[in-house]
Amino acid sequence: QLAAESQQRLAREVEQRTQELVAANHQLRALDNQRRQFLADVSHELRTPLTIIRGEAQVLLRQSEVNTETYREALQSMLQQALQLSQLVDDLLLLARTDSGAMLLEREPQQLKSWLRKQLEHWQRIEPERDWQIALELGDQLLHFDAERMSQALGILLDNAIKYSPSGSPLQIAAQVSDAHLSIAVSDQGEGIAPHDTQRIFERFVRIRRSSKGTGLGLAIAKTIVEAHGGEITVVSKLGQGSTFTILLPAMKEVDA
Ligand code: ADP
């Protein structure tokens, strides 16, 4: 009887291990698919600007005489594509570094209110025709954060709010500090996002519309930066009405002035 019992136990254990192996295999396959998809996306994004640069150069070289205006236009377009390529490579490097370990942050104590004002002034200069509605309910708190990275994260949200809403429509920025956290909310009255897409858009290379001018890396980067600071980005959106993206940061890192 003892032998039968231990045999049963053994069989159960084998069964359990087999199930674990099957699950691990599934996971590996899913990861492998993700990696393949990522490589395909990267290759596609790199190829597009390269094709344009090559095309422009070939057209110029084929002509025996080119007037200055045509030259300038072609060079302008090549420069534009080269800048896009550099941006893409920078973005990919940032994400790759984060994948292989924690993002290196250069945190410095910053006065939040003046930092945020400066950021918004910069964006207001870029989009002066917008109706900017700004409400900063902040005191003189100092917060430890990496100003350059955080400017990048906030910039991505503002850039999206501008890209995905009609020109001239209002943009609302609201910042608040509570005991637990600091929040910066960016609201637009643009095209909005369907409920089933609101989490997907934070994944790499995800664009809801194929016609989007961006690479689909923006929100993945913004999320990575904010999470490296111990915070999170939330989104509330209604299709056809607009979106609110909020950066939440823990306020515990506050230091005394
Ligand atoms: P992209 O470079 O395409 O802007 P992001 O990662 O920043 O990439 O955004 C991913 C997708 O999420 C965008 O292509 C767009 O479809 C959607 N999206 C982002 N922000 C907004 C917004 N404010 N309003 C509507 N859609 C948005």
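The values are calculated or read from the model by the stated rules, or taken from the named source; none is laboratory data. Since we're looking at a predicted model, the values are computed, not measured. Cβ: placed from backbone, ideal geometry, glycine included. Neighbour counts: every protein chain shown.
Details
- Residue among E137, E148, E129 that is more than 15 Å from the ligand (Cβ to nearest atom), closer than 21 Å to I225 by Cα and touching a residue at least 24 places away in the same chain (Cβ under 8 Å): E148
- Selection count where residues are at negative phi and either within 9 Å of the ligand (Cβ to nearest atom) or modelled with pLDDT of 85 or more (or both), scope region 226-257: 22
- Qualifying residues in region 190-225 (those that are polar (S, T, N, Q) and buried (at least 18 other Cβ atoms within 10 Å of the Cβ)) - the one farthest from the ligand (Cβ to nearest atom): T224
- Restricting attention to region 162-178, the residues that are in a loop (DSSP other than H, G, I, E, B) and either under 13 Å from I126 (Cα atoms) or within 15 Å of the ligand (Cβ to nearest atom) (or both) total 7.
- Evaluated against (1) over 17 Å from F245 (Cα atoms); (2) of a type in the set (D, E); (3) out of contact with any helix residue (DSSP H, G or I) (no Cβ under 7 Å at 6 or more places or on another chain); (4) surrounded by 12 or more Cβ atoms within 10 Å (Cβ to Cβ), E129 falls short on exactly one condition, (4).
- Scanning region 29-50 for residues that are over 30 Å from S86 (Cα atoms) and surrounded by fewer than 10 Cβ atoms within 10 Å (Cβ to Cβ) turns up nothing.
- The lone criterion from (1) among the small types (G, A, S); (2) closer than 30 Å to L39 by Cβ; (3) at pLDDT below 95 left unmet by A153 is number (3).
- Filter result for Q124 (modelled with pLDDT of 95 or more and assigned to a helix (DSSP H, G or I)): yes
- Residues that are closer than 20 Å to A175 by Cβ and touching a Pro at 6+ places or on another chain (Cβ under 9 Å), drawn from region 213-241: H229, G230, G231, S237
- Selection from region 179-189 of residues that are among the aliphatic types (A, V, I, L, M), crowded, with 17+ Cβ neighbours inside 10 Å and more than 10 Å from the ligand (Cβ to nearest atom): L182, I184, A185
- Condition met for L61 (more than 29 Å from K223 (Cβ to Cβ), out of contact with any helix residue (DSSP H, G or I) (no Cβ under 9 Å at 6 or more places or on another chain) and assigned to a helix (DSSP H, G or I)): yes
- Residue list for region 144-161, filter: touching a Lys or Arg at 6+ places or on another chain (Cβ under 6 Å) and not in a loop (DSSP other than H, G, I, E, B): H144, F145
- In region 183-221, the residues that are of a type in the set (V, I, T) and within 13 Å of T244 (Cα to Cα): I184, V186, I193, T198
- The set of residues in region 186-228 being of a type in the set (A, V, I, L, M), more than 17 Å from L95 (Cα to Cα) and free of Cβ contacts under 8 Å to residues at least 24 places away in the same chain consists of I208 alone.
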